[in-house]
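For reference, the structure is listed below as structure tokens.
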Amino acid sequence: MKKGLLPSKVCVVCGRPFNWRKRWARCWEEVKYCSQRCRRSGGRGG
């Protein structure tokens with residue numbers, strides 16, 4: 001699959017767009033954060 005065709009989302013913490021990754025193949029619907037750093041901050045700003 002080409003990078004331009006991958007689905008993307010916007011991080012709920014920092015507001016940056018991020019693309020689908022293979023490790024998220026089974027849980028893409030639940031992914032909300034672009035990184036572990038944003039996951040740890042949990043919505044308190046980015």
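Across the stretch 12-32, the qualifying residues are those that are touching a Cys at 6+ places or on another chain (Cβ under 8 Å) and assigned to a strand (DSSP E or B), and the one among them that is surrounded by the most Cβ atoms within 10 Å (Cβ to Cβ) is F18. Screening the stretch 14-38 for residues that are without any contact (Cβ under 8 Å) to a residue 12 or more places away in the chain and of a type in the set (D, E, K, R) and picking the one that is farthest from G4 (Cα to Cα) gives R37. Please go through the stretch 1-11 and give me each residue that is surrounded by 11 or more Cβ atoms within 10 Å (Cβ to Cβ) and in contact with a Pro (Cβ under 6 Å, 6 or more places away or on another chain), ordered by number. V10, the sole residue that qualifies.
No value in this document is a laboratory result; all are computed from the given coordinates. What you see is a predicted model, and the numbers here were worked out from it, not measured in a lab. Neighbour counts run over all protein chains shown; Cβ positions are idealised from the backbone, glycine included.
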